[in-house]
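Working notes for the structure below.
The values are calculated or read from the model by the stated rules, or taken from the named source; none is laboratory data. Just so you know, these numbers come straight off a predicted model, no measurement behind them. Virtual Cβ from ideal backbone geometry, glycine too; neighbours counted across all protein chains shown. Just so you know, the surface numbers come from the protein's heavy atoms only, side chains and all, with ligands and any DNA or RNA stripped out. Shrake-Rupley method; radii C 1.70, N 1.55, O 1.52, S 1.80 Å.
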Amino acid sequence: MAELTTRGGGRVAVLKPRVFAWVQDYGVYAAVLALLLFNVLFTPHFLDASNFRTQLVQVTPIVIVSLGMALVIGTQGIDLSVGSAMSLAAALVVLYLGYGWLPALIVAVLGGAAVGAVGGALVAYVNVQPIVATLALLVGVRGLANVLVPQLVEFRNPDLIALGSSSVAGIPVIVLIAAALTLVVMFVVRRTTFGRQVVAIGGNRSASELSGLPVRRVLLIVYVISGLLAALAGVLATARLQASDPTSLGLFIELSAITAVVVGGTPLTGGRIRVLSTVMGALLMQLLAATLIKHNLPQSWTQMVQAVIILAAVYATRERATR
Amino acid sequence: MEPVLEAKEVSKRFPGVLALDGVSLALRPGEVHALVGENGAGKSTLIKVFTGVYQPDGGELRHQGEPAAFGTPMDAQRAGISTIYQEVNLVPMMSVARNLLLGREPRRFGVIDAAAMNGEAERVLAGYGVDTDVRRPLRTLGVGGQQMVALARAVSIDARVVIMDEPTSSLEPREVETLFGVIRRLRDQGIAVMYVSHRLDELYQVCDQVTVLRDGRVAHTGALADVERLRLISLMLGRDLNEVRSHGMTRFSRDRAAADPAGAPDGGESRRSPAVEARGLTRRHVLDGVDVSVRPGEVVGLGGLLGAGRTETAKAIVGALPLDGGQVLVAGAPVRAGSTTAAIRAGVSLLPEDRKAEGIIPTLSVRENIALAALPSLGRAGVVSDAKIDRVVEIFMRRLRIKAASPHQLVSELSGGNQQKVLLARWLAVRPKVLLLDEPTRGIDVGAKAEVQALIDELAGEGLGVLLISSDLEELVEGADRILVLRDGAVAGELSGDDVTEERIMATIAEQSDG
Amino acid sequence: KSEEPQSAPAATGTAGQQVVQTPSGTAGPTCTLEQFGGTKFDLKTATVGFSQSEKEANPFRIAETKSIRDEAAELGIKDLKVTNAQSQFSKQITDVQQLIAQGVQLLVIAPLNSDGWEPVLQQAAAKKIPIITVDRKINAKPCSDYLTFIGSDFYEQGKRAADRMIDALGGKGKVAILLGAPGNNVTTERTNGFKDRVKEKAPGITISFEQTGEFAREKGQQVTEQLIQSNPDINGIYAENDEMALGAVTALKGAGKEPGDIKIVSVDGTRSAVQAIADGWLHAVIESNPRFGPLAFETAQKFLDGEAIPDKVIISDRDYDTTNAKDSLGEAY
Amino acid sequence: MNRGQVSRVLQQHGAVMVLAVVVIVGSLAFDSFATPGNAVSVVVSSSFLAIIAIGMTFVIISGGIDLSVGSLFVLGGVLGAYGSQYGLVVALLLPLAVCGLVGLLQGLVIARTGMAPFIVTLAGLLGVRGLMLAISDEGATTYLVKDPAFAELGRGQVLELSYPVYITIALSLAAMVLLQRTGFGQNVYAIGGNEQAAALMGVPVARTKVYVYLMSGLLAGLAGALNAARLSSGVTILGIGLELDVIAAVVIGGTLLTGGAGGITGTVAGVLLLGVIQSLINQVGNLTSAFQQVVSGLFLALVVVAQRLLSKAQRLT
Ligand SMILES: Nc1ncnc2c1ncn2[C@@H]1O[C@H](COP(=O)(O)OP(=O)(O)OP(=O)(O)O)[C@@H](O)[C@H]1O
Ligand SMILES: Nc1ncnc2c1ncn2[C@@H]1O[C@H](COP(=O)(O)OP(=O)(O)OP(=O)(O)O)[C@@H](O)[C@H]1O
Ligand SMILES: [Mg+2]
Ligand SMILES: [Mg+2]
C-alpha cells in the first residue's frame, strides 16, 4: 500500500516511520502521562477513584466545548462565543424548567444553536472575520442571558439535578455523555463527507469553492454545532452546580477550549482536526490545574506554571517545518 | 572558465524520497544552462538547494570556487543568486510596485518615496511589455502577469546568477519572446542563467548547456547542441531511443477531429446540441458578452493574450465569478448562477489555472485531494466509503502515473507536475460532461504532457466536452477542433477546420489589435 | 412558566436597613459644606450620578443599585444617571468622567478599586462636586478629594469570621480559605482580618489551604472538590463570600458529606446563605449590608444643609447563625 | 479613480466613515453627547487603548496575534508605579525594559520554533499576569506613584487634553511612516501576505517577527506606565480581557486578521469607535448592566457588518 513503483526505473519509495512525527502526534499523551506520574508520586490521595471522578467531571464542559471548537478551528475559524452560549443555555434551562427537564434542555440547546447560527451566518455569508463576529456575540449574548435571568437561580428539579450528579456503573452520566460526543465527533471528522469538507475548507477555501463544496453551508453548520455543543455543556454544568448562573458560567472557557485544541496538535491555521488529542489536551490542562490547586500554589505561581506547561506541550506537538 | 556556482555530489532526502542523489552541476558565467527532467526528477529541489531554501544532506556547494553554504534565501541573494521559483512566490495583497521593489525601494529623506517607487516600477515593467496600474494589488493580475513581475524582480536585482524554474509555463508567445530577449542580454553581460522548462523547443532557442536529471541523479550533462531532441527525451524518460522514436511525440491524434459525427452511436444528434452553452457572459472591466458553447466530444480552444479574459470566461461558466449579465445552459437547461456546486452537479467542472491558490488543499493527502469533489458519490448517506475512495484513487494514480510515496503523502510534498495530475484526477473522478481545462499541461513534463493530451483525446472520444485554455499555441492548435480567440474580454474571432493554425490565431489577435 | 423558587428579593420597606456603627462625630475629623468649598443646591432638582462597579448580577450589587434608585425615587430626585463599569476599572474611571461631563452635581460611587482615582478626583474637585463612596473606600483625602465613605469594614468582617470559625472548631483544626478575586481590596482585607485574628487568638488552627474561587459559585464548587479530595482531614472552610460558600456546599453534598461535617463561615448575608444556615450547611455568615441608598442620600442632604459630616460612616453589620437564621430570612437580601 | 481604487479607499476608511456616522447620530440623539467634556473623556480614555492597538496592528498585519497585551498593560502599570520611587527615568524604563523583554521572548519563540502566536502569547497572558501578581503580593499591594514628574506625564494637560493623547498622536504618526514608508513596514506586510514568498524574496522573516512582538510588548508596557501615571498608582485589577478590545478595534479598523493588509488610520478609528459606543451607552443612563452588554454586542456586530459591506467590493476581485 505504501509502495508505488514508478516508471522512472523501478525506484521504490517507502514510508519511513517518523520519530518526530510520533512525538508530534502523541506528545500530549506523553505529557498527560508525565503529569499523572508526578501526581502519583507527590500528591496524597491521588489514586483514589473519587479523584479520577472529580477530574473527569470537572473537565467535561471544556471537553464538550473543545469538540465544537476543534471543528471551527479546522475551518480556519475561531469561536469566542462559546462561553456566552453556555450562559444563555443556563438561563434558558431554568426559565423552561417548569415544562420538565427535557423540553428545557432542548430549548437551551436550540438557543445555543441559534447563537452559533448568527455567528456562522456572519462568517459564512457576510464574510466577517470569525474572531470579531464571535466577539460581538461573546459580549451581547451574555448580556441577553443576564436580561433573561438577572441573577443566580437555584432550582430543585430532581431530574436535572440527577443529570448532573448521578452515575452509571460508577461513571458519572455527564462524563459518559462527553465520551459519547467525542466518539460522534470523531466519526464525523473521519468518516463523513461533511467532516472532509470541513478540513478541506480550512485547508484552502477557494480551492474548496471551485471543487463545488457547499462552503458557506458547511461553515454555517460548523458554527451551529459549536454553539449547540457549548449550550449542552452549559446545561450539564448548570445541572452539576444545581443553580443557573448566567453571569459567571463559562467565563473565559473559550481560551481553555482553544488551548485544549492547540495543545492537542490541531493547528490554528486550519485544514486538520485531531479529536482525541483535543480531549487529551483538555485533560492535560485540567490535570495541571488540579495539581496546582492540590499543592496549594498561590495564584501567581499557578499562572506562571500553566504558561510554561502550555508552551512546553505545544512545543512538543508543534508542526515541524519540512526543511 | 571557472564556474560561478557549482554543486558537487549533492544529496537531499525527504521522508520517503531521495530527491537528489549525488548531483553535480557546474554553472559558468555567460552560459544558459538548461535543467530538464520528468516531474519529480528533482529539478526544483536542486534549485532550492542552490538558493538556500533547503540544506543539502550530503555533498557541497561551491560559489566562485569557494565552498559555500547558504542558510537562507537571503544569503543566496546577497551572493548574487537570483531566482524565479516554479510557483509564483510574491505577496498577492501588496501592490505590484511594492512586490517588484521589495527590499530596494527608492528612498528620500530616509523613507520610501512612493511616487518614485511607482514610477520606477512602471518603467521596469514597461520594459517587459507589462502595462498595468502598478498600485493595484498583485493578485488582480493573472498568473501570467504575476510571472512577468517575478521575472522582472529577479532580473533587476544585480545578480551574477539567475535561476528560472519554468518561467514560461503561463506566458504567451509574445512574453516568451520578451523573456528570451532578456536571457540573451543577461548572457551577453556574462551572467549565468539556469533555465528549467518542459517546453523543449524553447531550450533549443536559448540554451547552450543541458543537464538531464532522472530520479534525482544526473543522467547527462553537456552542450545542448550535441543532444538532439529525441535523444533528450529518451534521456529524460530513461527509455530506449528507438522506443521513443516508434511512439513518436505522442500528442493529440487528429483522427477524432476528423471523425464524422454521424458515426456516433446515437446518430450524432446529441453531439450536435451543445453540452454547455454560455451566452453573453458579462462582467464590468473583465468580460464583455462572451458566447461559448461546447458540444459533447468536442474540444474547444480558447486563445488570446495574457489578460484577455480566458480564465475569467472559464470561471464564469462554472459560477465562480460573479457576473453582471449572461447565462449558462447545460443540456439546454439554465444553471443557477454563481454556484459552483450547481455547475458541478450539472456536469461542468473547472481545472483551475492557479494550482497553489485554487487547486490543492495542502493540508490533505493525495488521496483526499483526489476524492474531494467526488465525495458525495463516494459514500452513502454522508458517510464516506474508504473502499470506494481507495478504488478511485488507485485507478487515477495509475492512469495519470502520479508519483507519490503513497496515497497518504501530503499533496504539498509532491512536485509541481504531480500536483497538477492530482487535480486532474480530482476532476476526472466526478465524471463531468464538460471539463474546462485552464492550462492543464502547465508544468507537466514531456511524457506526462503527452499522456494528458492523449487523455483529453480519449475523453473527448468518450463524449466529454472540453474547453481547453493553453498558452502553448501548438497544444491549442493540435488539440482543439475549434478555437475562440478572446481579446479584451470579448470574442474576437472563431477558427475552425483548416483555419485552426498558429498563424491564423496570431493573425486574429493582431488584426483586432490593429483595428 | 418558570420555576424560580427564590429570585427577586422583595426587600422593600425598612427590613434590613443599614445602621451606622459609630455614632457620628465620635471618631475622626468632620466636614462641612463650607470646609469643602461647595455651594448648596436642591437635591430634588439636581443631576445625580451613580457609578456602579460590577454588573447587577449578584444579590449584593442588585440590592445596592436598587437601594440607590429606590431612595432617589422616594426623595423625588428626577435626574439620576446610573453607569455600570462591568468590572473594568478603566471603564469606571471613564464612566465617572462622563458623568461629570454630563453635569452631575453629586456623585455616588461604588468603587471597583480603592486606588487609582486621581484623575476623577481632580476633575470633581475642580467643579466642587461632592463624592460619596459606598461599599469600598477610596484612598484619598476626605473632605478635599471626596466627601465621605459609607460602608463596612472588610478587615473587621474577616476578624469576625475568624471568631466564628474559632468558636466552631473549639480553637484547633485545619482550615481552608476560598479567596475572592485576586488583587481585589475586599479579598485582601477579608483575608488579612481572618488570618490576623486566627494567629492572635487560636494558634491551634492552621490554615492549610488557600485558593481563589473568584467570588463565583462554580469556582467555589470546583476548588472545594479538589480540596476535600486531597485534604480529607479539613475541618473548616472560610469563604470570602456567600456564593463560594454555597459552591462549597454543593461540592460537600456531592462528596456525600453531612451538614456540619465541615464548618463553613462566610461573608455577605444573602438569602440563600441564610437559608443554608437554617439547613445546617453553613455555620455562620457575617453580613455585609448593601442597602446604601437611604444613608447615602441622608448624608448628602445633611451635608447640603450645612451639617458636619464624619470622614467615614461605618455601618454596623450583623451576624447570622443557627440562632437567628430562620427568623432573619426576610431581612437577608 | 477606477472601481478598485474607490473600494480600496473604502476598505481603508470604512471605520472612519462608520465613526463619522455614529458620532453624528449620537450628537443628534443626545444633547450631552457632543460636549467638549465628553469628547475629551472619550479621547483621553481611548489613548491608552490606541497605543496598545498600534502595536497590535503591526502584529496582526504580520499575520500574528498578541494576547499578552492586557497582562503587559497591567504589569507595565505596576512596574511604573513601583519604579516611580526612583524617579521619572526608572518609572519609564523599568516597565519598558520588562515588557519589551517579554515581547522579545515571545517574538523569539514564535519566530524560531514556528509555534502559533495565539498560543505563545496566550501563555504570555497567563505568565505575565502571574508575574504581576507575584511582585504585588498576589495583587494586594498597590504601589503609589511617588514621583511628581511621572504623575504629571500622565495627567498634565495642554489645551484640555492630557499628555498621553499627544503621545498617542505622535506614536500613530510614527507608526504610519514606519509601516508605509520603511523597509521594515514593507517586510511586515510581506510576511503577513505570504510568509513563504517573503522568505524567498529575501525578507528577514524571523527578525521582522521578533521586532513586531518586541514593539507590541513595549507599547503595551508604555500604555500601562502612562496609565499608572494618570491614576497615580499601579492598580492590579486592570487589563482583564483588554486584548479582545484591542483586537476588535484593530479588526474593525479594516486590518485583516489573516495578515497582509491594514493600517494605522483604521486602527485609531476603530479604537475611537469603541470609546464612542461606550459613551453613547452611558448617555442613555438608565440601561441595566445586562442591557448595556446586549447593546454593545449589537453595536459591535453592526459596525463590523457595516465595515464589511463597505469593503466588500475590494474582496471580490
Ligand atoms: N517538501 C517536500 N517533502 C517531501 N517530499 C518532497 C518535498 N519537496 C519535494 N519532494 C519530493 O522530491 C521529489 C523531487 O521534487 P521536485 O519538486 O524537485 O521535482 P521537479 O523535478 O521540480 O518536478 P516538476 O517538474 O514536477 O516541478 C519529488 O518526488 C517530490 O515528491
Ligand atoms: N489593465 C487592466 N485593467 C483591469 N484589469 C486588468 C488589467 N490587466 C489585467 N487585468 C486583470 O488581469 C486578469 C487576467 O485575466 P485572465 O486571467 O482572464 O487572463 P487570461 O487570458 O486567462 O490570461 P492568463 O491566464 O494567461 O493569465 C483579469 O482578472 C483582469 O481583470
Ligand atoms: Mg519543479
Ligand atoms: Mg488565465
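Taking amide H positions as modeled 1.01 Å from N, with prolines and chain starts lacking one, the residues under 5 Å from B:SER24 and 5 or more places away or on another chain are B:GLU9, B:VAL10, B:VAL218.
Surface calculation, 1.4 Å probe, protein heavy atoms: D:MET215 sits at approximately 40 Å² accessible. Packing-based ranking of D:261-273, B:212-224, A:210-222 yields D:261-273, A:210-222, B:212-224, ordered from highest to lowest mean Cβ neighbour count within 10 Å.
Write down, largest first, the equivalent ellipsoid semi-axes of region B:5-245 in whole Å, where each equals the square root of 5 times an eigenvalue of the alpha-carbon gyration tensor. Walk me through the intermediate numbers first.
On the way: eigenvalues 203, 86, 50 Å².
Whole-Å semi-axes of the equivalent ellipsoid: 32, 21, 16.
Inter-chain Cβ neighbour count for D:257-267, averaged per residue, equals 2 (cutoff 10 Å, partner chain atoms only). For region C:220-255, the residues whose amide N sits under 13 Å from a probe point set 7 Å from the Cα of C:ILE207 along the beta carbon direction are C:237-240. Taking Cα atoms only, the orientation of helix B:502-514 departs from the longest principal axis of chain B by about 90 degrees. The mean sequence separation of alpha-carbon pairs under 8 Å and at least six residues apart, normalised by the residue count of region A:81-122, gives a relative contact order of 41 percent. For chain C, the solvent-accessible area of protein heavy atoms averages 35 Å² per residue (probe radius 1.4 Å; ligands and nucleic acids excluded).
Around A:PRO298, what is the net charge, scoring Lys/Arg as +1 and Asp/Glu as -1 over all other residues with Cβ under 11 Å from its Cβ? Numbers along the way, then the final one.
Details: positive: none; negative: C:GLU210, D:ASP137, D:GLU138.
Local charge sum for A:PRO298: -3.
Normalised by residue count, chain D yields a Cα convex hull volume of 144 Å³ per residue. Protein heavy-atom surface of region D:209-317, 1.4 angstrom probe: 73% of the accessible area is carbon and sulfur, with nucleic acids and ligands not counted. Couplings 3J(HN,Hα) for region B:74-89, derived from phi with the Karplus relation 6.51 cos²θ - 1.76 cosθ + 1.60 (θ = phi - 60°), are 4, 4, 5, 5, 5, 7, x, 10, 10, 9, 10, 7, 4, 8, 4, 10 Hz, where x marks Gly and Pro. Dividing the radius of gyration of the alpha carbons in region C:54-196 by their Kirkwood radius gives 1.04 for Rg/Rh. A cut-off of 5 Å between modelled amide H atoms, ignoring neighbours fewer than 5 places along the same chain, links B:LEU350 with B:LEU436. Distance from the Cα centre of region B:41-58 to that of region C:307-333, in angstrom? With region B:41-58 and region C:307-333 each reduced to a Cα centre, they are spaced 80 Å. With contacts taken as Cα pairs under 8 Å and at least 6 residues apart, region B:5-245 reaches a relative contact order of 27 percent.
Apply the Kirkwood formula to the protein assembly as shown: the hydrodynamic radius equals the inverse of the mean of 1/r over all pairs of different alpha-carbon atoms; give it in Å with one decimal. Please report the intermediate quantities before stating the final value.
Numbers: mean 1/r = 0.0284 Å⁻¹.
For the protein assembly as shown, the Kirkwood estimate is 35.2 Å.
Between A:PHE52 and B:ALA337, the distance separating the two model label sites (each 7 Å from Cα on the Cα→Cβ line) works out to 6.3 nm. Rounded to the nearest 10 degrees, the inclination of helix B:446-461 to the longest alpha-carbon principal axis of chain B is 10 degrees. Centre-to-centre separation between the Cα atoms of region D:228-253 and those of region C:64-114: 22 Å. Taking the protein assembly as shown as a whole, the Cys residues whose C-beta sits 4.7 Å or farther from every other Cys C-beta are B:CYS207, D:CYS99.
Comparing A:LEU297, A:LEU232, A:LEU284 in a Gaussian network model of chain A (Cα springs below 10 Å), the most mobile by mean-square fluctuation is A:LEU297. Packing-based ranking of D:116-122, B:9-15 yields D:116-122, B:9-15, ordered from highest to lowest mean Cβ neighbour count within 10 Å.
Ranked by the mean number of other Cβ atoms within 10 Å of their residues, highest first, the peptides C:321-330, C:286-295, A:98-107, B:155-164 come out as C:286-295, B:155-164, A:98-107, C:321-330. For region B:272-510, pairs of C-alpha atoms spaced more than 22 angstrom apart make up 52 percent of the total. Which distance in Å, rounded to a whole number, links the C-alpha centroids of region B:302-348 and region C:141-197? Between the Cα centres of region B:302-348 and region C:141-197 lies a distance of 74 Å. Across region B:109-116, rounded Karplus estimates of 3J(HN,Hα) from the backbone phi angles (6.51 cos²θ - 1.76 cosθ + 1.60, θ = phi - 60°) give 6, x, 10, 5, 9, 4, 4, 4 Hz, Gly and Pro being marked x. Applied to region D:144-157, the Karplus parametrisation 6.51 cos²θ - 1.76 cosθ + 1.60 on θ = phi - 60° returns per-residue 3J(HN,Hα) values of 9, 6, 9, 8, x, 5, 5, 4, 4, 4, x, 10, x, 10 Hz, with x for Gly and Pro. For B:ALA492, the residues whose modelled amide H falls within less than 5 Å of its own, excluding neighbours fewer than 5 places apart on the same chain, are B:VAL485, B:LEU486, B:ARG487. Counting Lys and Arg as +1 and Asp and Glu as -1 over every other residue whose Cβ lies under 12 Å from the Cβ of C:LYS44, the net charge comes to -2. Of all lysines in the structure, those lying under 17 Å Cα to Cα from B:LYS48, and not within fewer than 8 positions of it along the same chain, are B:LYS8, B:LYS12. Within a straight-line Cα-Cα reach of under 13 Å, C:LYS253 can be paired with the following aspartates and glutamates, leaving aside sequence neighbours fewer than 8 residues apart in one chain: C:GLU225, C:ASP261, C:ASP279. Taking every residue in B:409-417 and counting other chain Cβ atoms within 10 Å of its Cβ, the average works out to 1. Straight-line cross-link reach from C:LYS257 at under 20 Å between alpha-carbon atoms covers these lysines, not counting any fewer than eight positions away in the same chain: A:LYS294, C:LYS174, C:LYS219. What the Cα atoms of chain B give is an Rg and a Dmax of 23.3, 77 Å. Within 10 Å of the Cβ of each residue in C:50-57, the mean number of Cβ atoms contributed by other protein chains is 5.
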